[in-house]
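What follows is one structure encoded as C-alpha cells, with my remarks underneath.
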Amino acid sequence: MTNRFRILVADDEPVQREMVSGFLKKQGFEAIAAESGERALELFRQDAFDLILSDQKMADMSGLELLQAVHSINPETPVILITAFGTVETAVTALKQGAIDYLTKPLNLEELLYRIQQVSDHYRILNENRELREALTERHRIEGIIGESGPMLEVL
C-alpha cells in the first residue's frame with residue numbers, strides 16, 4: 001500500500017504518544033510521533049499529513065494553538081484533539097475553532113480507530129468528488145469545438 005493514510009500524533013507524554021502511534025502503525029496507518037506541539041508544527045511544515053491527533057494540554061503549545069497554526073497553513077487538514085481534562089465547554093471551543101473531533105482520555109483505541117476511519121472516508125470522498133468534477137470539466141471543455149453560425153455561437 002503505497003499511498004497510506006498519514007497521521008501525525010502530537011503528545012508530550014511518551015507512553016501515550018508511543019501507545020497511540022504504535023497502535024495506528026499496527027492498523028496499517030503511517031503514524032509519525034511528535035513529542036511536542038512545536039515539533040508537530042515543524043513536521044507539518046515539512047511534510048503533508050492526512051490527519052493530526054493532538055493532546056490538548058502540552059507544555060510548550062496547547063492542542064488548540066497547534067490546531068490554529070496548522071489551519072493557518074492548511075485549513076483543510078483535519079485535527080482531532082485528545083484530552084484528560086475534557087469538559088463540554090472545552091469540546092465546544094475545540095469544535096468551534098475547527099477541530100474535526102474531540103476525544104477524552106483514557107482513550108478507547110477502537111473508538112479512536114472508528115473516528116479515524118470516518119475522517120479517512122470523508123476526505124477520500126471529498127477528494128474523489130474533486131477529481132470527478134475536474135474530469136468532467138476537462139471532458140466538457142468547448143475550446144475544440146468549431147462553429148461560426150449564429151445558433152452554434154449561441155450554444156457555445
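Glu148 fails exactly one of the following numbered conditions: (1) without any contact (Cβ under 8 Å) to a residue 24 or more places away in the chain; (2) assigned to a loop (DSSP other than H, G, I, E, B); (3) under 21 Å from Glu38 (Cα atoms). What is the number of that condition?
The failed condition is (3).
Just wondering, is there one or more residues in the stretch 118-134 that are hydroxyl-bearing (Ser, Thr, Tyr), in contact (Cβ under 8 Å) with a residue 24 or more places away in the chain and under 23 Å from Arg45 (Cα atoms)?
Yes: one or more hits.
Within the stretch 128-150, is there a residue that is modelled with pLDDT of 90 or more, within 23 Å of Glu76 (Cα to Cα) and of a type in the set (Lys, Arg)?
No, there is no match, as no residue in the stretch 128-150 is modelled with pLDDT of 90 or more, within 23 Å of Glu76 (Cα to Cα) and of a type in the set (Lys, Arg).
Please verify whether Leu126 is assigned to a helix (DSSP H, G or I), within 15 Å of the chain's Cα centre (by Cα) and surrounded by 12 or more Cβ atoms within 10 Å (Cβ to Cβ), treating the condition exactly as stated.
Spelling it out, it is not the case that Leu126 is assigned to a helix (DSSP H, G or I), within 15 Å of the chain's Cα centre (by Cα) and surrounded by 12 or more Cβ atoms within 10 Å (Cβ to Cβ).
Take Ile100 and tell me if it is touching a Pro at 6+ places or on another chain (Cβ under 6 Å) and either surrounded by 11 or more Cβ atoms within 10 Å (Cβ to Cβ) or over 22 Å from Lys25 (Cα atoms) (or both). Outline the logic, then answer.
Details: touching a Pro at 6+ places or on another chain (Cβ under 6 Å): yes; either surrounded by 11 or more Cβ atoms within 10 Å (Cβ to Cβ) or over 22 Å from Lys25 (Cα atoms) (or both): yes.
Against the criterion (touching a Pro at 6+ places or on another chain (Cβ under 6 Å) and either surrounded by 11 or more Cβ atoms within 10 Å (Cβ to Cβ) or over 22 Å from Lys25 (Cα atoms) (or both)), Ile100 qualifies.
Does Ala91 fit the bill of being under 23 Å from Tyr123 (Cβ atoms), more than 17 Å from the chain's Cα centre (by Cα), modelled with pLDDT under 95 and of a type in the set (A, V, I, L, M)?
yes
How many of the residues making up the stretch 34-52 are touching a Leu at 6+ places or on another chain (Cβ under 8 Å) and of a type outside the set (Val, Ile, Thr)?
Of the residues in the stretch 34-52, 8 are touching a Leu at 6+ places or on another chain (Cβ under 8 Å) and of a type outside the set (Val, Ile, Thr).
Give the residues of the stretch 23-66 that are out of contact with any helix residue (DSSP H, G or I) (no Cβ under 7 Å at 6 or more places or on another chain) and aliphatic (A, V, I, L, M), sorted by residue number.
Leu24, Leu43, Ala48, Ala59
Among (1) closer than 17 Å to Ser21 by Cα; (2) out of contact with any strand residue (DSSP E or B) (no Cβ under 6 Å at 6 or more places or on another chain), which single condition is Ile82 missing?
(2)
Let's see how each residue does on (1) of a type in the set (A, V, I, L, M, F, W, C); (2) surrounded by 15 or more Cβ atoms within 10 Å (Cβ to Cβ); (3) out of contact with any Asp or Glu (no Cβ under 6 Å at 6 or more places or on another chain):
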| residue | (1), (2), (3) |
| --- | --- |
| Arg4 | no, no, no |
| Met19 | yes, yes, yes |
| Glu30 | no, yes, yes |
| Ala34 | yes, yes, yes |
| Leu43 | yes, yes, yes |
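Output the residues belonging to the stretch 25-69 that are among the hydrophobic types (A, V, I, L, M, F, W, C), modelled with pLDDT of 95 or more and more than 13 Å from Val9 (Cα to Cα).
Ala69
The values are calculated or read from the model by the stated rules, or taken from the named source; none is laboratory data. Every value quoted in this text rests on a predicted model; they were computed, and no experiment measured them. Quick reminder, even Gly has a Cβ in these numbers, built from the backbone with ideal geometry, and neighbours come from all protein chains shown.
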